[in-house]
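Data first, discussion second: the structure below is written as structure tokens.
The values are calculated or read from the model by the stated rules, or taken from the named source; none is laboratory data. These numbers come from a predicted model, not from an experiment. Virtual Cβ from ideal backbone geometry, glycine too; neighbours counted across all protein chains shown. Side chains included, ligands, DNA and RNA excluded: accessible areas come from the protein's heavy atoms. Shrake-Rupley method; radii C 1.70, N 1.55, O 1.52, S 1.80 Å.
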Amino acid sequence: MSLWESVGARPVNLVGRVAERRVLQQLVEAVQGGESRVLVISGAPGTGKSVLLEDMAERAAGCRVVRASGVQSEMELAFAALHQLCAPFLGLLEAVPEPQAVALRTTFGLASGPVPDRLLVGLGVLSLLAEAAAEQPLLCLVDDEQWLDRASAQAFGFVGRRLGAESVGLVFATRMLSAELGGLPQMSVAGLDKADACDLLDSVLTIRVDQRVRDQIVAETHGNPLALVELPRELTAAHLAGGFGLPDAVEVPTSAEEMFRRRAQALPGTSRNLLLLAAADPTGDPVLLWRAAERLAIPVSAAAAAAMAGLMEVGARVRFRHPLVRSAAYQSASAHERRLVHGALAQVTDPVSDPDRRAWHRAHAADEPDEEVAAELERSAGRAQARGGLAAAAAFLERAAILTPDPVQRARRALAGAQAKLQAGEFDAAHDVLALAQAGPLGEAEQARVTVVQAQLAFAASRGSEVPSLLLAAAARLEPVDAGLARMTYMDAIRAAVYVGRFAAPGADLSAVARAVEAADLPPRPSRLLDDLAANFPRVGLPVPEFITALRGVGDPGASLEGEMRWLSMTGFAASGVWDYERWEMLINRYVQLCRQHGALTELRLALTARSIQLLVAGELAAAGTAVEELQAAVSATGSKLAPYGAVALAAFRGRHSEASALIEAAATDAEQRGEGLAVTSVEWANAVLNNGLGHYGKALAAAQRASEYLKEDLGLRNWALAEMVEAAVRTGDTDAAHSAYRLLAETTQGGGGHWALGVQARSHALLAANGQAEDLYLESIERLGQVPVRAELARAHLLYGEWLRRERRRADARTQLRQAHALFDAMGMAAFAERAGRELWTTGQPTGQRTARNTGELTAQEAQVAKLARDGLTNPEIGARLFISARTVEYHLGKVFAKLGIASRSRLDRVLP
């Protein structure tokens, strides 16, 4: 018999929850059957969410049930809830892929190491749960999600979005839906309807109740089950018999939390203090509780009254009647009373095994600035950051700043806290903490860092046009005091100018930033690669040479990992701008490899975007599709925002009009709102490609003009749009626009001097040339483009030459070129251009053949993605890491792939997936 039964308290029962229980039973059965399921149960306090979780656990026969719950006082301790859930399985870490296992060991303080990437932590939890479920179906119940620390909530959300076939059930109960759980299946739990509420109330009453009283109770509690069950404790028999209409009638509490608060306030002083002490300690450790109680002279007998009131029991664990009891006890206490209990808990918390919790209690116990406590909090922030707990580090630093007596130290800690808040995505809070820093005395270096944080906040909030100027100003101030940080800030200014593009404020466009960087007083770090790029491009007033010059001042292949990845992304931009395909491919491959090798999955989003565009130019649409899918998995897993450059371009190259048009419209609107000029150019370039393929030349011309109208931005994309403009303008008869675009295009391609550059120039020139010259130019274009792996460009040269030959009435020659073009487009999957070539072939008297259906059409998108990676030799854990799913889900998908394709092993995938 539990203590609750012994003292006569009754749990909220399940009256009126038939539908909800049915949903949860189906979830349990799915998990028992080998599937994974996720559900978020949301509802107001007291609606029975916790009871539904308990009922679910009782009915989960054959499943291993593990629990975690949010605790309000533990919200600032990074990964606290995640550790609750994963602690029983840490012995299985040896079975988890090594990078993920290392990330988890660092996160949980089991080992030291660099800050683990959040995605590696999420993947590690996913793999760990999958290994645990391999032994027995696993049901994970997370209560009070609204009080989880943010790092745990993000990790849980990641896992919930990636579960597939691991026999894992993940169920959350929360008062309100959070951004971290966005997109997951949900079920709302509201108050009971009148009939069920009356039935529940009748079941807990021991005397007859006046009908009017019962109706009033039901109405004023809004059918809240916990309130209905607990309310009879608040009312006398006289009230229940009809006294509600009398002047001295008690007020009906409208929330269960208010009832618990009243009940707690009615306890004897020592019992109330014990309840508050337990509420302030999230560990539930009775030994710790009694040691702290001894410091406050609270006797053991104080627990009896709290138990008799149905609020708390102290046994093997400290257990509250309901999470609302903890909240009510803590919120109703005075600030002085809270400081006393936190001080007692700090005295008895082990400074070696649990230093961060001790520091947090000490911080809450302090009633005035205290350097010793502030320093301890700063050390805790360092440990939290080492575990990847940026939100916790930011909270520690903010509290440390508040408790710092020395103004200089306070400003320094506040600035560090603002930077941590920014990295954690807490932009409003970062502004507040930054204001605290600015209120104190700041040296020149700190003032510059304030400017950096302000610029980064502006860029994060709106891609603000003033950001490059702010970063330039900050970098200039940093030069004499911190050359290394100044160099990185200049690189940030360059990147910001590239992304802001046409929306840059006056004097802050890419050219202006490049000139400022060139004039900076920094030790030169020349790169032979940058010298080579500069040598291949004339100074014609376009941004690429200035961009390269700026990079020469800050780019350093021997820099830190972070610096090298930035350098690679920027030099990749430069290589595409000078039409240097081989170098572009080399740089992007290195960029992607470096990101994957070091688990830099946030930077990997940018690397995969560049890779997808590079693969499209090469005509590798299937590989580009895989890159886009991997990119989308990373973006959705983190809930981050990134303009869908790759997805838009892929849809345009495939010629899928409806899909591409919808993506283009949405992306263009988003880019305008966020002030991201590079995205505008990218979207309009893709729009021009789409419509040139469809033969909608007027639309293609308008899109290409919008893409190229800003002459000082966008390095490669703007130049590529000029080639689209020449073709579209010629087809619409706008020769002036065609010649103007060609002149600008030739300035970039002649400087590049490579086969890709000169091949595109010759193709565009042929569209404008007289008949006697056009054929030679088409042949030159085909010859040059055939020397580099840019199949999409080559196929278009064959198409334009074939169209020209047909108009010259050379049908046999036209058929040869058009057949080559059609075969290339068909093999690449460029459907709109293939149809355009097919129409031209039909007019020459030769219809095209129909493509044969492929077995891969039977596969789902996820199955096809898994199959391609398996075909390419990746192991199940490697595929799982690439697609952000568990290795067991990969195994499940491969089983379905083998069955659909009629093969028995992955060794035969290369025969059915060419």
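Could we say that HIS765 is at pLDDT below 95 and surrounded by 18 or more Cβ atoms within 10 Å (Cβ to Cβ) here? Please lay out each step first, then the result.
Working: at pLDDT below 95: no; surrounded by 18 or more Cβ atoms within 10 Å (Cβ to Cβ): yes.
In short, no.
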Among (1) more than 17 Å from GLU76 (Cα to Cα); (2) surrounded by 19 or more Cβ atoms within 10 Å (Cβ to Cβ); (3) modelled with pLDDT of 90 or more, where does ALA414 come up short?
-> (1)
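Any chance you could count how many residues in the stretch 632-659 are open to solvent by less than 20 Å² (accessible area, probe 1.4 Å) and modelled with pLDDT of 90 or more?
Let us first name the residues in the stretch 632-659 that are open to solvent by less than 20 Å² (accessible area, probe 1.4 Å), namely 633-634, 637, 643, 646-653, 655.
Filter once more, keeping what is modelled with pLDDT of 90 or more: 647-653, 655.
Final tally of qualifying residues: 8.
Pick out the one residue from LEU471, LEU457, LEU510 that is open to solvent by less than 20 Å² (accessible area, probe 1.4 Å) and either aromatic (Phe, Trp, Tyr) or over 18 Å from TRP567 (Cα atoms) (or both). Let's see the steps before the verdict.
Working: LEU471 fails: either aromatic (Phe, Trp, Tyr) or over 18 Å from TRP567 (Cα atoms) (or both); LEU510 fails: either aromatic (Phe, Trp, Tyr) or over 18 Å from TRP567 (Cα atoms) (or both).
The conditions single out LEU457.
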Subset of the stretch 846-881, residues modelled with pLDDT of 75 or more, open to solvent by 50 Å² or more (accessible area, probe 1.4 Å) and not charged (D, E, K, R), comes to THR860, GLN862, GLY873, THR875, PRO877
Which residue pairs have Cβ atoms under 6 Å apart, sit 6 or more places apart or on different chains, and have a first residue in the stretch 148-168 that is more than 17 Å from LEU883 (Cα to Cα) and a second that is aromatic (Phe, Trp, Tyr) and not in a helix (DSSP H, G or I)?
-> ALA151/PHE79; SER152/PHE79
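Which residue, of ALA721, ALA737, is open to solvent by less than 10 Å² (accessible area, probe 1.4 Å), out of contact with any Pro (no Cβ under 7 Å at 6 or more places or on another chain) and in contact (Cβ under 8 Å) with a residue 24 or more places away in the chain?
Values: ALA737 fails: open to solvent by less than 10 Å² (accessible area, probe 1.4 Å).
Answer to the check: ALA721.
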Kindly provide the set of residues from the stretch 283-294 that are of a type outside the set (S, T, N, Q), open to solvent by 20 Å² or more (accessible area, probe 1.4 Å) and assigned to a loop (DSSP other than H, G, I, E, B), ordered by number.
-> ASP285
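Step by step: first the residues of the stretch 56-84, then only those that are assigned to a helix (DSSP H, G or I) and farther than 17 Å from ALA392 by Cβ, then the one that is least open to solvent (accessible area, probe 1.4 Å). Which residue is that? Walk me through it before giving the result.
Just the residues of the stretch 56-84 that are assigned to a helix (DSSP H, G or I), to begin with: 56-58, 72-74, 80-84.
If we keep only those that are farther than 17 Å from ALA392 by Cβ too, we end up with 56-58.
On the way: MET56: 2, ALA57: 18, GLU58: 149 Å².
Once the filter is applied, the top-ranked residue is MET56.
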So, first residue at pLDDT below 85 in the stretch 191-214, second residue outside any loop (DSSP other than H, G, I, E, B) and among the aromatic types (Phe, Trp, Tyr), Cβ within less than 9 Å, six or more apart or across chains; the pairs are ASP210/PHE244; ARG212/PHE244; VAL213/PHE244
Identify the residue in the stretch 85-103 that is touching a Pro at 6+ places or on another chain (Cβ under 8 Å) and assigned to a helix (DSSP H, G or I) and, among all such residues, is surrounded by the most Cβ atoms within 10 Å (Cβ to Cβ).
-> ALA103
Reported set for the stretch 295-320 where residues are open to solvent by 50 Å² or more (accessible area, probe 1.4 Å) and in a loop (DSSP other than H, G, I, E, B) is LEU296, ALA297, PRO299, VAL300, SER301, ALA316, ARG317
Residues of the stretch 746-762 being within 18 Å of LEU800 (Cα to Cα) and open to solvent by less than 10 Å² (accessible area, probe 1.4 Å), in sequence order, are TRP756, ALA757, GLY759, VAL760, ALA762
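Could you grab me the full set of residues in the stretch 882-901 that are in contact (Cβ under 8 Å) with a residue 12 or more places away in the chain and either open to solvent by 40 Å² or more (accessible area, probe 1.4 Å) or not in a helix (DSSP H, G or I) (or both)? Reasoning before the result, please.
Initial filter on the stretch 882-901 (in contact (Cβ under 8 Å) with a residue 12 or more places away in the chain): 882-894, 896-897, 900-901.
Correct list: ARG882, PHE884, ILE885, SER886, ARG888, GLU891, TYR892, LYS896, LYS900.
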Using beta carbons and a limit of 9 Å, which pairs, at least six apart or on different chains, have the first residue in the stretch 173-189 and acidic (Asp, Glu) and the second one open to solvent by 40 Å² or more (accessible area, probe 1.4 Å)?
-> GLU180/ARG150; GLU180/GLN154; GLU180/GLY639
Can you tell me which residues in the stretch 675-707 are open to solvent by 10 Å² or more (accessible area, probe 1.4 Å) and of a type in the set (S, T, N, Q)?
-> ASN687, GLN705
